[in-house]
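Input: a single structure, listed below in structure tokens.
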Amino acid sequence: MRILLIFKDSIAVERLAISQLSAVLKAAGHEVRLAILGPTLAQDFAEIVSDFAPRVIGYSAMTGEHFALADLNRDLKRQFSFMSVFGGPHAIFRHDFLEDENVDALCIGEGDIAFVEFCRRLEADESWWETPTFHARHEGVIHRNALAPLVDPVELPFPDRRIIYDADPNLARSGIKYFMAGRGCPYHCAYCFNARFNEDHKGLGKVLRARTAEQVVDEIAWVKEHYRLETVAFVDDVFNQKPLGWINAFRDLYKQKIGLPFFANMRANAIREVDIAALADAGLTLVWMGIESGNEKAANEILQRNLSNEQVMKAARILKTHGVKLTTQNLIGLPVSNPFEIDLETLDLNIAIQPTYGWSSILYPYPGTPIEAYARSNGYLSGELAYTETNKRSSMLDFKDDREKRRVENLHKLFGLIVAFPFLRPFTRHLCDLPLTGFYRALFWGWYGFSVKFRLTKSRAIWRELPYLLSVFWRMVAKG
Ligand code: SF4
């Protein structure tokens, strides 16, 4: 069967779920193509669909992207006959998306096995509308099926990188490439999709799942052999929580077969000196670690971070001892009566820790997350939300006045710079009052790009990427 996969270009980010899906579909004998909806990848979708004639079009949508993808689907449905299936976080959490009559089915959980089964039933003319993990419309009736068990990533083939890199050669040219050594996160931070995802999947298998160290290293070795690869970025939610013995096995194999610097996401409470020593020996050069808020009450009672500031500082000290750089992740604009004051505490905690880079995002109340419910019930959100595609431009929360909103949004843009240059701290209130948000946005992305390319990594051939990096910069500034 011919299956066309579509996602919206999230600018310089590889969509690993799509390459994983392509791999399992191809392994099941299907013909798969990918098209990316994006400003620099102008594609004539009608021509693609007319030429390829897919039986199924599978869209992967994050909240915010779903508007453009739904419009595209509507347009294609007017011209062609195919089964439209939406997956990804928006479909997982907004089951009412199926009320759009041009959407035929939603994949409401992990699609790696469920989507293959859906396609098998469709091709065999069996009851595809009863596939587990799918909500589907059949003869005017909506069928809401239960979730299938969680997928064991050990059972999956390597992601199909070619399909992504052929569709977007910029990603192939980038020296940083993304990998996953496992899936799932057992925590339930209120702003993260894992809280609800884990709740929905209770009793359906282990939340935290690791691939074998051999699988992970073999996949990286394949990519290293076929594409430009200078830095490996692990995007597991919590890389440092692996089964006993995994980290040492990984260290030995990685050193022997890969030998490149790598990054990983870690959680402060799970950072153990012995693991960091082993990983640094293997090539770990940078850790992304969530701080979220410097105000412990907000961090633990509202964001449900479940970490003390002391744990965060201790983890930062361990990383520093082993020469590992740190990017902290922070949330700005919380649903509290004095968000700017709370954000200043977050800024001060970062200044005390002195990470290599202090990253910040504006709190985005994703649908179905506990923070969305909290913000609504406490009067910081109302009505149907105009979900944006970015959490870097403005806040969706209702603040007490426009001045507070501007201060919060400006602090978000200046956050990384003030952390790096603490002499700016005494001027922070004044800087955040100025009506310079557009200029600050350019500073935000400029500093981020500079930090990624010169402070967090050492790209060997920056000039090769320069035109692409400049285009990314302008697109980021325009987007948010
Ligand atoms: S630790 Fe990270 S991935 Fe896990 S629930 Fe919290 S925010 Fe989400």
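Evaluating 6.51 cos²θ - 1.76 cosθ + 1.60 at θ = phi - 60° for every residue in the stretch 259-271, the Karplus couplings come out as x, 10, x, 9, 10, 7, 7, 9, 10, 4, 5, 9, 7 Hz, glycine and proline recorded as x. Amide H contacts of Gly88 (H built 1.01 Å from N, in plane; Pro and chain starts excluded): Ala61 sit under 5 Å, all sequence-distant by 5 or more or on other chains.
Taking Cα centre as origin and charging only the Cβ of basic (Lys, Arg, +1) and acidic (Asp, Glu, -1) residues, the dipole magnitude of the stretch 1-117 rounds to 200 debye. Toward the positive end of the charge dipole of the stretch 174-479, with +1 on the Cβ of Lys and Arg and -1 on the Cβ of Asp and Glu, the farthest Cα among Cys185, Asn295, Gly368 is that of Cys185. Around the amide H of Asn240, modelled in the peptide plane, lie the amide H atoms of Arg267, all under 5 Å away and 5 or more residues distant in sequence or on another chain.
Comparing Ala124, Asn350, Val56 along the charge dipole axis of the chain, the residue lying farthest to the positive side is Asn350, per the Cβ-charge model. Oblate is the label for the stretch 97-136. Its Cα gyration tensor axes, ordered a ≥ b ≥ c, give a/c of at least 1.5 and b/c at or above a/b. Each residue of the stretch 58-66 is assigned a 3J(HN,Hα), and the resulting list reads x, 9, 10, 10, 8, 4, x, 6, 4 Hz, derived from the Karplus form 6.51 cos²θ - 1.76 cosθ + 1.60 (θ = phi - 60°), x at Gly and Pro. Taking a ≥ b ≥ c as the square roots of the Cα gyration tensor eigenvalues, the stretch 72-139 comes out oblate, since a/c reaches at least 1.5 and a/b does not exceed b/c.
For the stretch 2-144, a/c is less than 1.5, where a ≥ b ≥ c are the root eigenvalues of the C-alpha gyration tensor. That puts it in the rounded class.
Among Pro89, Phe262, Ser395, which residue has its Cα furthest toward the positive end of the charge dipole of the chain, with +1 on Lys/Arg Cβ and -1 on Asp/Glu Cβ? Of the options given, the answer is Phe262. Relative to the first principal axis of the alpha-carbon coordinates of the chain, what is the inclination of helix 402-420, with its axis defined by its Cα atoms, in degrees from 0 to 90 and to the nearest 10? The helix 402-420 is inclined about 80 degrees to the chain. Site pair Asp401 and Gln329 shows an inter-label distance of 3.5 nm when each label is modelled 7 Å from Cα along Cα→Cβ. Evaluating 6.51 cos²θ - 1.76 cosθ + 1.60 at θ = phi - 60° for every residue in the stretch 352-359, the Karplus couplings come out as 5, 7, 6, x, 5, 8, x, 8 Hz, glycine and proline recorded as x. Cross-link check: pairs Lys255/Lys458; Lys325/Lys413; Lys8/Lys177; Lys314/Lys405 evaluated at a Cα-Cα cut-off of 24 Å; pairs beyond the cut-off: Lys314/Lys405.
Using a Förster radius of 25 Å, what is the FRET efficiency between Arg272 and Asp218 based on their Cβ-Cβ separation? Nearest 0.05, please. Working from the Cβ atoms, E equals 0.45.
For a 4.7 Å threshold on C-beta separation, the list of partnerless cysteines in the chain reads Cys107, Cys119, Cys185, Cys432.
If both residues of a DSSP beta bridge must be in the chain, then about 15% of such bridges are antiparallel. Remark: spin-label model distance Asp51-Ser337 equals 6.1 nm, labels positioned 7 Å along the Cα→Cβ axis.
Computed per residue of the chain from DSSP H runs no shorter than four, each worth -39500 (n - 2.57), the mean residue ellipticity at 222 nm is -13000 deg cm²/dmol. A simple charge model with +1 on the Cβ of Lys and Arg, -1 on the Cβ of Asp and Glu and nothing else charged puts the dipole of the stretch 174-479 at about 820 debye relative to its Cα centre. Extents of the chain, largest first, come to 67, 56, 47 Å (Cα atoms, principal axes, whole angstrom).
Each reported figure results from applying straightforward, stated rules to the coordinates on display, with no laboratory input. Bear in mind the structure is a predicted one, so any value in this text is a computation, not a measurement. Reconstructed Cβ throughout: ideal geometry from the backbone, glycine too, with neighbour counts over all protein chains shown.
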